[in-house]
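None of the figures in this text is laboratory data; all of them are computed from the coordinates on show. Keep in mind that this is a model prediction, so the values were computed, not measured. All Cβ positions, even for glycine, are placed from backbone atoms using ideal geometry, and neighbour counts span all protein chains on display.
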């Protein structure tokens, strides 16, 4: 029997769940179990629970077959708990270091109280940490163990369950359970606290309460479900009414009830406008029915609101509230007008275009800061032409890249009047990065963020931990991300990262990457054409070398001696180099280029064609490995500076341990792998298979169609994925060049 049982329910928290579980399992106290409850979550939360359970026997997973809500999910976990004490932790929050040991020590020191109350702090997306405003109530002056009657001010703490450890036999003795509906913490918190005879305190922050920027708190959703609060307080007063010994708590609980009702009324993000009067009348009814004798209303404005409830004077309450909101609205409009006047980048023309109706059949594409027609946006463009030819497709392209736009592609030059008109009026904006800060998200406009790779290196808000890698303004970043309606993903790993590091209110589309469709669907002829376009002879092996950028380096420092590599591999190998210009002044490299042994493909706009042409990929930390893995061809990781890169930029997993193939950390090792063919051996293939299953899970060749049907055609049901084991992929060069393939 463990000392502590932690009940962790999860619903749509895949971006935060791993951090939550890591904070528990990484504690320096081990005598606990985790009851993980998957509340029929539609995202990867259940799978994440299962992955942790496979690694740690202390994690026990329950998968519910229907979504029952937070309260009943907690009840399910509670039924399975075996510990002396039960703790509840929301799955987007975390424990602080040493929290469980501090809790266990305090329980021992205070003789196993029925409830231990500990502190928490609020953690914000921008790194701010705000302490509990009533932390003063947790001071340990006075007896170590007491009843609530000795410290009734503890009722002023936030009505939450996850800042307490409850003795399991105490829960059973009083029949405590979570009710369904919103505000389920109120009956549990009040009924447990007033029933406990032995309460102890721990004046230590044990929980970091995540303040999700995108509004993850369901209580901040406009809905009639906020009427559930009336049932919750009925349960509280029924509990007290059935226990005469608790009668003294009628007055304090009446005050908590009234304050809670007023809070729901005062918050603009709770009740539908049409339901506010009904809610007020229900609150007034409860107020008058439960008003204790000799009750003293609080002084000041709060007391005035109590009086309005007692008189059921909704018109007076609504008038006072409207006046306050009007003053706030005037201030907001003034600030908005000032900010708009500063947006000179928009120009008068852009502002005039924003007043015109949206063009429902216009989409504006951009890729890589408008440098090319490529990547996921280009693949979506092509599929849109096939499935929805009535939609006009326009590309935003920088002035210095207009000449490279493929024939037949309509484009507008960035900064031109046509560009600003398209930004203002296009129904759809599609980009694999963000549009400029000056772009306004119009009502009815749909922004589709496609991204341009699976992240190995830290991204978004996670980069705050690695200041040497960026000087980004994270507030501005998230303002740009606020415009997204959809975020594409090719695997659950990416979805969880994007949702955490870009915490905005978009919908994740686990569609696969449209740009990778060709890697699944290409034919032998496509492979032969890709090689012919690069001048690759039939008898040559082509290795594609794609190193990534190091933000912390002021310039490019080559990690490979290409001339030596080409010489060691021999005349039957061609190196395709994509990235920086290598050794432009070297006569030997120039000679190798003239002979075709080294081909600079840095300017090639369709990287997918390079993938098709190459027999194998050599890379370091580039996201190219995730895409190339779709082909199920050999990948070699050349990581001479992994320790530096991972420390300075930060990474999401240890690439050397979870590589998609063979790994070399020196050029000598790399040459040895390539010369011995170990790079395509059984061990490398086994690694690649595991990597592909993890990171290519949605790339089934239909990603672009899936996106077009959901985003542009409004289809509600996504195309089913082809099972992983049944998916084809483009033939290898050896297969494509075989006589049978040519027949």
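Per-structure values
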quantity	calculated
Dimensionless Rg ratio for segment 149-238, taking C-alpha atoms and the 2.2 N^0.38 Å reference	1.20
Fewest-first ranking of 472, 208, 257, using other Cβ atoms within 10 Å as the exposure measure	472, 208, 257
Between helix 524-533 and the chain: long-axis angle, C-alpha atoms, 0 to 90°, nearest 10	70
Two-site FRET efficiency, residue 602 against residue 369, from Cβ-Cβ distance with R₀ of 22 Å, rounded to 0.05	0.85
Over segment 630-743 - Rg/Rh using Cα atoms and the Kirkwood inverse-distance radius	1.08
Fraction of antiparallel bridges per DSSP, the chain only, in percent to nearest 5	15
Alpha-carbon centroid distance for the pair segment 101-154 / segment 371-394, whole angstrom	57
Sites residue 713 and residue 245, calculated FRET efficiency, Cβ-Cβ separation with R0 60 Å, nearest 0.05	0.40
Residues 568, 615 arranged by fewest to most Cβ contacts within 10 Å	568, 615
Whole-number percent relative contact order across segment 4-216, with pairs defined as alpha carbons under 8 Å at least 6 apart	26
Distance between modelled label sites at residue 476 and residue 144, nm, 7 Å Cα→Cβ extension	5.5
Reciprocal mean inverse distance between Cα atoms of segment 4-216 - Kirkwood radius, Å	17.4
Point-to-point label distance, residue 382-residue 594, nm (Cα→Cβ direction, 7 Å offset)	3.7
Alpha-carbon centroids, segment 57-81 and segment 208-286: separation in whole Å	25
Kirkwood hydrodynamic radius of the chain, Cα pairs, Å	29.7
Relative contact order computed over segment 44-163 (Cα-Cα under 8 Å; 6+ residues apart), in percent	19
Cα long-axis angle, helix 682-695 against the chain (0 to 90 degrees, to the nearest 10)	50
Ranked list, fewest to most other Cβ atoms within 10 Å of each Cβ, for 476, 80	476, 80
Segments 9-17, 687-695 sorted - mean Cβ within 10 Å per residue, highest first	9-17, 687-695
Solvent-free Debye scattering, log10 I(q)/I(0), computed from the Cα coordinates of segment 591-678 at q = 0.14, 0.15, 0.20, 0.24 Å⁻¹	-0.58, -0.66, -1.10, -1.31
Chain lengthening between residue 417 and residue 354 when straightened (0.36 nm per residue, less Cα-Cα)	21.4 nm
Contact order relative to length of the chain, as percent, for alpha carbon pairs under 8 angstrom and 6 or more apart	9
Computed helical MRE - 222 nm, the chain, DSSP H runs ≥ 4 contributing -39500 (n - 2.57), nearest 500	-11500 deg cm²/dmol
Residues residue 307 and residue 643, FRET efficiency given R0 of 45 Å [Cβ-Cβ distance, rounded to 0.05]	0.10
Sorted peptide list for 478-487, 505-514, criterion being average Cβ within 10 angstrom, highest first	505-514, 478-487
Convex hull of Cα atoms in segment 483-534, direction-averaged projection (nm²)	5.1
Label-point separation, residue 289 to residue 399 (7 Å along Cα→Cβ), nm	7.3
Helix 99-109 vs. the chain, principal-axis angle (Cα, 0 to 90°, nearest 10)	30
Percent of beta bridges antiparallel (DSSP, segment 4-216, rounded to nearest 5)	30
Inter-part distance where segment 660-717 and segment 520-541 are each reduced to a Cα centre, Å	19
